[in-house]
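A short write-up of the structure that comes next.
Taken together, the values in this text are just the output of simple stated rules run on the coordinates, not laboratory data. Everything quoted here is computed from the prediction, not taken from an experiment. Heads up, the Cβs are rebuilt from the backbone with ideal geometry, glycines too, and the neighbour counts pull from every protein chain shown.
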Ligand code: KIV
Ligand code: ZN
């Protein structure tokens, strides 16, 4: 174990994905995994392989391409789950089995209906099974922070004896406070005789808004050297510990933490954008590090100070975390090569020349409508990009709306449905409502619209609008994202993209709705 190194374990693709509505396709998970690798996280928890065939395939695909981060998979403490995890991960250059079982009296009795002795035995055997095939095994006592200290010491000592290399003690329900969580680790590490044989890890949920503070207290007071976190703090309920806040706190206050991470901070904002774009979870403007206002100085006194000497009001530099300061990067006259080069710089990988040609055509279209093209615009060209998993059952061909003060807005739409062209018209309370109703006249999806949000991609009234549509049907929740300088067109694209995901049976269930954790 390195004394001055803090390991960053990213669980955006597993715990983050458990957030209702954040379910991702294999292709989307792969895109995020590639960005996490560029960000240089130590461990990417890619999913929960036994939860569904879709997640198994996604974890396997990620294990196949990621070379510079360890790829982990979550498994319940039983041989079947662990074997699924091993089968999904064994092709990776570096991989980890993360196995867990609940240890609090409440969870053991009410959820698992197991005695503490049964849980103890299951944990021990699970770690033994995993260690026989994988040298890197993490064990988590779920609801660990609310577990009995004596029992926790007994079980953790046993799993370390079986070869667990990382011990992660989660605050599953976000109940901890910093001093107590820090002390908790200190007690565990002092009382468990073989505690020095494992790396200790914190995993916090943000129900009381203290996930980052709790994780940092575990580091400083409890000797923890791995923090589990997600991009933008994505996660169930109030979310998980924010990766960007942990990394920048440790980096900015190195004088205090005296720790290094391996993270490349310039990839923080690109990672944040991609996760937000794919999941449809918008980042609040005042969110630390990655919020749109995180580096904006509005008050005259602050602006004056920053102009005279930047560090009067700034403790971090925007460009260090990947804010590109809205630089104009391309325009109408930019050629295919410049476009290709910019995609490479932004870490956007296309699989074929055909994909590049399609993207370039979209870029030219956009450049006809908008004089200055920013990085954000280029990223949005891929927002409604359909992966090879999601079939384009519905395709938007044409649309028109009219609205006039005092009149009911009208929309007409032309879609192809399974290759057959269909047209429909509808009225609505506004042009977006009329457009969605016209689409539904064709699709008859019976889905419920649970979220509709619009964001400007850049500044100015010629900015593209980024629209997220979230649809729910029979316990299944999907997101569609669309972008265009015309927000009604962006809305229609987002709706059609969500319908395609809903229609596509290969879209996997959100692990939460399949009742696995
Ligand atoms: O919050 C939690 O307890 C978890 C474990 C499964 C690690 O996510
Ligand atoms: Zn969790």
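Remark: spin-label model distance residue 354-residue 264 equals 3.1 nm, labels positioned 7 Å along the Cα→Cβ axis.
Both numbers refer to the Cα atoms of the range 241-339; Rg and Dmax are 16.0, 50 Å.
Give the relative contact order (percent, whole number) for the range 452-498; include only Cα pairs under 8 Å separated by 6+ residues.
32 percent
Above 23 Å, the calculated P(r) of the range 1-142 contains 35 percent of its Cα-Cα pairs.
Per-residue extension of 0.36 nm, minus the Cα-Cα distance of residue 311 and residue 117, leaves a gain of 64.2 nm for this segment. Across the chain, the mean sequence separation of Cα contacts (distance under 8 Å, 6 or more residues apart), normalised by length, yields a relative contact order of 13 percent. Shape of the range 379-467 from the C-alpha gyration tensor: oblate (a/c of 1.5 or more and a/b not above b/c, with a ≥ b ≥ c the square roots of its eigenvalues). As a proxy for reagent exposure, 220, 115, 461, 12 were ordered by neighbouring Cβ count within 10 angstrom, fewest first; the result is 461, 115, 220, 12.
How would you order 400-409, 118-127 from highest to lowest mean count of nearby Cβ atoms within 10 Å? The partial results should precede the final answer.
Working: 400-409: 11.6, 118-127: 19.3.
Per-residue mean Cβ counts within 10 Å order the peptides as 118-127, 400-409.
Ordering 71-83, 257-269, 488-500 by mean Cβ neighbour count within 10 Å, with the highest value first, yields 488-500, 71-83, 257-269. Normalised by residue number, the volume inside the convex hull of the Cα atoms of the chain is 161 Å³ per residue.
How large, in Å, is the range 265-323 by the Kirkwood hydrodynamic radius built from its alpha-carbon pairs?
Numbers: mean 1/r = 0.0810 Å⁻¹.
For the range 265-323, inverting the mean 1/r across all distinct Cα pairs yields 12.3 Å.
Subtracting the Cα-Cα distance from 0.36 nm times the residue separation, let me have the gained length for residue 65 to residue 336 in nm, one decimal.
Numbers: separation 271, 0.36 × 271 = 97.56 nm, distance 2.71 nm.
Taking residue 65 through residue 336 to full extension adds about 94.8 nm, to one decimal.
With just the Cα atoms defining each centre, how far is the range 26-102 from the range 111-152? Give it in Å. Taking the Cα centre of each part, the range 26-102 and the range 111-152 sit 20 Å apart.
Residues 369, 395, arranged from fewest to most other Cβ atoms within 10 angstrom of their Cβ, appear as 369, 395. Hydrodynamic estimate: the Kirkwood radius of the range 442-500 over Cα pairs, inserted into Stokes-Einstein at 20 °C and 1.002 mPa s, corresponds to D of 185 µm²/s. Calculated mean residue ellipticity, 222 nm, the chain: -11500 deg cm²/dmol, from DSSP H runs (n ≥ 4) at -39500 (n - 2.57) each, averaged per residue and rounded to 500. Only Cα pairs under 8 Å and at least 6 apart count here; give the relative contact order of the range 25-152 as a rounded whole percent. Once normalised by length, the contact order is 21 percent. Residue exposure proxy: 108, 221, ordered by other Cβ atoms within 10 angstrom of their Cβ from fewest to most, comes out as 221, 108.
Kirkwood's formula applied to the C-alpha pairs of the range 154-303 gives a hydrodynamic radius of 16.6 angstrom.
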